[in-house]
Amino acid sequence: MTAVTEAEIEEAMRRILSRAKLVAEGGGAAATAAILSGKIRFVEGTKVVAILSGGNVDSQRLAGVLAKG
């Protein structure tokens, strides 16, 4: 089990939105947050996949996350 912080999840949400043009809710962005924060280790050069799920994000909450970035 790997734990990520709220700040790491918010950063993942911002990066997913800005690079992939997808909206992911916090729980759906947690795997990406773990990878981006370096908490999940993998062998250099291997393909890594994170499952994104859920786009049920309150618009005010999403605006707040985006404003922090």
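The values are calculated or read from the model by the stated rules, or taken from the named source; none is laboratory data. Quantities reported herein were computed from a predicted structural model and do not represent experimental measurements. Quick note on the areas: whole protein, heavy atoms, side chains included, nothing else; ligands and nucleic acids left out. Shrake-Rupley method; radii C 1.70, N 1.55, O 1.52, S 1.80 Å.
Hull surface divided by four, with the convex hull built on the Cα atoms of the chain: how many nm²?
In nm², the orientation-averaged hull projection of the chain is 4.8.
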Quick check: at a probe of 1.4 Å, how many percent of the accessible area of region 1-65 sits on carbon and sulfur atoms?
56 percent
With a 1.4 Å probe and every protein chain left in place, work out the accessible area per residue of the chain in Å², rounded to a whole number.
70 Å²
Ranking by accessible area, most exposed first, for K39, K68 with a 1.4 Å probe
K68, K39
Report, by chain and number, residues whose modeled amide H sits under 5 Å from the one on L22, excluding near sequence neighbours (fewer than 5 apart, same chain).
L17
Quick one: what are the phi-derived ³J(HN,Hα) couplings along region 44-49, Karplus 6.51/-1.76/1.60 with θ = phi - 60°, whole Hz, x for glycine and proline?
3, x, 7, 7, 10, 10
